[in-house]
Amino acid sequence: MDALHPRLLVADFPACFAFYDAVLPPLLGAHRVQGAEWGPYAHWDVGEQAVLVLFDRAAMAGALGEEPPAPRGDMFVCRVADVDAAYALALRSGGTAVLPPADRPEWGATVRTAHLRDPEGRLIEFQSY
């Protein structure tokens with residue numbers, strides 16, 4: 001049973017699908033359970049637990065009988081084994097750099113992070129500790 005999982009409502013489903021399909025398997029060990037680049041839905045699991053769902057923003061609005069919602073202040077955070085490698089993979093896969101990998105002793109003695117944006121501008125943090 002999936003207790004909690006993020007569902008990102010995206011406007012450019014093909015670009016976001018390609019990005020997350022390229023980075024989630026090697027970084028988190030996720031496998032795609034359902035979906036394809038044309039959408040409107042895709043999800044990835046780690047083991048039997050959902051880790052991320054993408055849903056086309058307009059399709060969700062249609063299901064609700066509303067206008068598509070505006071992008072919101074969301075952020076996707078992933079704990080990874082190697083922040084530098086995760087950041088490099090995400091950039092090669094279409095991400096946009098925000099802050100390169102750096103140690104963050106003010107956040108914790110062994111914390112290392114990197115920040116980038118996915119194809120729709122959503123902030124992503126890779127972290128290790």
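The values are calculated or read from the model by the stated rules, or taken from the named source; none is laboratory data. Quick caveat, the model's predicted, so the values are computed rather than measured. Cβ: placed from backbone, ideal geometry, glycine included. Neighbour counts: every protein chain shown. Surface accessibility is based on the protein's heavy atoms, side chains included, excluding ligands, DNA and RNA. Shrake-Rupley method; radii C 1.70, N 1.55, O 1.52, S 1.80 Å.
Here is how the numbers come out for the structure above:
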read-out	value
Cβ-based net charge around Gly94, under 11 Å, with every Lys or Arg adding one and every Asp or Glu removing one	-2
Within the chain, percent of DSSP bridges classed antiparallel, to nearest 5	70 percent
Protection proxy ranking, peptides 116-124, 19-27, 91-99, average beta carbon neighbours within 10 Å, highest first	19-27, 116-124, 91-99
Rounded tilt (10° steps) of 83-92 against the dominant C-alpha axis of the chain	40 degrees
Within the chain: Cβ-based charge dipole about Cα centre, in debye rounded to nearest 20 (Lys, Arg +1; Asp, Glu -1)	180 debye
Gyration tensor over alpha-carbon atoms, region 19-129, equivalent ellipsoid semi-axes in Å	27, 16, 13
Sulfur and carbon atoms: percent of accessible area, region 41-125 [1.4 Å]	55 percent
